[in-house]
4 protein chains.
Amino acid sequence: MQWNDTYLRVRYQETDQMGVVYHGNYYTWFEVGRSDFFRSLGYSYVLLEKEGIIMPIISSYCEYKIPAKYDQEILIRTRINSIKGARLEFNYQILHKEDNALLATGKTIHAFADKNMKPVNFKKTNPALWIILNKCTAEVF
Amino acid sequence: MQWNDTYLRVRYQETDQMGVVYHGNYYTWFEVGRSDFFRSLGYSYVLLEKEGIIMPIISSYCEYKIPAKYDQEILIRTRINSIKGARLEFNYQILHKEDNALLATGKTIHAFADKNMKPVNFKKTNPALWIILNKCTAEVF
Amino acid sequence: MQWNDTYLRVRYQETDQMGVVYHGNYYTWFEVGRSDFFRSLGYSYVLLEKEGIIMPIISSYCEYKIPAKYDQEILIRTRINSIKGARLEFNYQILHKEDNALLATGKTIHAFADKNMKPVNFKKTNPALWIILNKCTAEVF
Amino acid sequence: MQWNDTYLRVRYQETDQMGVVYHGNYYTWFEVGRSDFFRSLGYSYVLLEKEGIIMPIISSYCEYKIPAKYDQEILIRTRINSIKGARLEFNYQILHKEDNALLATGKTIHAFADKNMKPVNFKKTNPALWIILNKCTAEVF
């Protein structure tokens, strides 16, 4: 299983008075990585929502190692760790683009749901994407 | 015409590495004041959206005098300046709660629209609220 | 050990196009609860920073149960779960103020550090607050 | 005088429950454009802050024409409109990358200040950058 790479540059708005990126903003970066991951599969999250599928978050986690700073170039690495029933787990790494120093790691767990937040059997709803996502998982089934 | 008062406390997340509140966040505070303004009229913006009316922003403006800082208690003062056709103009003042020092002033201009962003004749759509809003305006008609 | 209660109202800015509060914003709410927790001890995080102590985050976690929505009144419950060496763990609950329905739970782990992000022996740096924080912990020592 | 072009993709976090980008976030995009503008001059805002110069905002303005949506590719165009004494005015255009449709326009006015927010005579503090900035202005002097 491989990582998908996404790049961004730290915004001034993302810093706080500690002089580093506010810890909550890493979750936005995970989302940027996740969106780009879908795009790399030839699919977009926009399209998914148009089909009536949303992916609400069940849990999120982040471990902070080195603080990111304004104007730095950041590499976000995203992969699917596992897909089980209606649950999808993404893993993330946040690195300095320049020297690949690891700044943070994290994960998010998502459900497949309809627009009323009811779980859906994604395997039946969208079998083509289900197969693609399964091929991407880091775990053997 | 009178101001409606709303209070909040500055969040760490709202600061940036300059050690003060990031300038873009004053627009969120204006929105907090605006929501509370509707509530003070015995109406809520939630209810308005349920009736199919949204109020997209046409323009926004802010003038910064003294930077707000983390943990300070802030007073947001909101009033309607004018309501003309499908346009509503709000005015805002941001002050220190403690000493009433003026930190910033601003305004936002809104349209009345349906969920597809098409302008609506609000006077016809919701005549009761139209009358209330007109009574609130700072200008004489 | 008891929880400290803090109240806020959901801002429009905090929602996303799913029509609910963006998942990353719960971490801002945890921070609001944490700031208020310090205040309830007769201490402020502002004062702590003036003494040269910052509390960078080591890890953060959130579990989402029911999505929060615009304009709802929210209760944030905060407590210290444990304090060990240079590490402090906070626990959080996010509830509807109206009916106490549990929306989310979470935790954050913090280090005591100086302004250069070097760990400090907080027991020596600020023995008075150290004792207060220890009295607050949920765990027996 | 010419515009400097910067590209970004709309984040899910930037949307609100209206299904479009929250109006306050355009000011963050202006900041992204401004940072990139300095970079295009062979200078960085990071370097400026290291020299003890900050550029607090005096006023900001945005006019909204077409709402930006999640996942769209955005072009931010930035230029200096004028530089007079201790005041610098930036202009911005926000466009769809795809078809160059104009979504919003805006401006921000900044002061040159030291770390205590006191105005500085930038012409004396950093004559080299002063000359470069003046060459960039849209107005004839």
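Just so you know, all these numbers are worked out from the coordinates, no wet-lab data involved. It should be emphasised that the depicted structure is a prediction, and the values quoted were computed from it without experimental measurement. Here the Cβ positions follow ideal geometry from the backbone for every residue, glycine too, while neighbour counts run over all protein chains shown.
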Vicinal HN-Hα couplings computed from phi for region B:95-111 (Karplus, 6.51 cos²θ - 1.76 cosθ + 1.60; Hz; Gly/Pro x): 10, 5, 5, 4, 10, 6, 4, 7, 9, 7, 10, x, 8, 9, 10, 10, 9
Surrounding net charge for B:Gly106, when Lys and Arg each add one and Asp and Glu each subtract one, Cβ distance under 14 Å: +2
Region C:66-141 versus region A:73-114: alpha-carbon centroid distance in Å: 26
For region C:8-47: rounded, prolate or oblate by the Cα gyration tensor [a/c cutoff 1.5]: prolate
0 to 90° range, to nearest 10: angle between helix A:127-136 axis and chain A longest Cα axis: 40
For residues of B:5-15, the mean tally of beta carbons on other chains within 10 Å: 5
Estimated Rh, region A:4-136: Kirkwood, alpha-carbon pairs, angstrom: 15.6
Radius of gyration and maximum dimension Dmax of region D:64-133, Cα, Å: 16.1, 44
Peptide D:53-66, shielding by other chains (average Cβ, 10 Å cutoff): 5
Above-threshold pairs, the threshold being 27 Å between Cα atoms, out of C:Lys115/D:Lys123; A:Lys50/C:Lys65; C:Lys84/C:Lys115: C:Lys115/D:Lys123
Euclidean distance of C-alpha centroids, region B:1-61 and region C:7-32, integer Å: 14
Rounded to the nearest 20 debye, dipole of region B:4-136 from Cβ charges on Lys, Arg, Asp, Glu: 620
Neighbourhood charge, 9 Å Cβ-Cβ cut-off, centred on A:Glu73 and excluding it, Lys, Arg +1 and Asp, Glu -1: 0
Distances in nm from B:Ile131 to the matching label points in the other copies, shortest first (labels 7 Å along Cα to Cβ): 6.4, 6.6, 7.0
Degrees, to the nearest 10: D:25-40 long Cα axis against longest axis of chain D: 50
Chain B: calculated mean residue ellipticity at 222 nm from DSSP helix runs of at least 4, using -39500 (n - 2.57): -7000 deg cm²/dmol
Under 15 Å, Cβ to Cβ, from D:Asn121 - net charge with Lys/Arg +1 and Asp/Glu -1: +3
Other-copy label distances relative to B:Ala86, 7 angstrom Cα-Cβ extension, nm: 4.0, 4.5, 6.0
Positive-end extreme of charge dipole, region D:1-104 - chosen from D:Ala104, D:Tyr43, D:Val21 (charges on Cβ): D:Tyr43
For C:100-110, mean number of other protein chain Cβ atoms within 10 Å: 1
Contact order relative to length of chain A, as percent, for alpha carbon pairs under 8 angstrom and 6 or more apart: 28
Ranked by how many other beta carbons lie within 10 Å on average, peptides B:22-33, A:45-56 from highest: B:22-33, A:45-56
Rounded, prolate or oblate (a/c below 1.5 giving rounded, otherwise prolate when a/b exceeds b/c) for the protein assembly as shown by Cα gyration tensor: rounded
Approximate spin-label separation C:Thr125-A:Lys115, in nm, with each point projected 7 Å along Cα-to-Cβ: 5.1
GNM result for chain D, Cα springs below 10 Å: residue of D:Asp99, D:Asp114, D:Asp36 fluctuating most strongly: D:Asp99
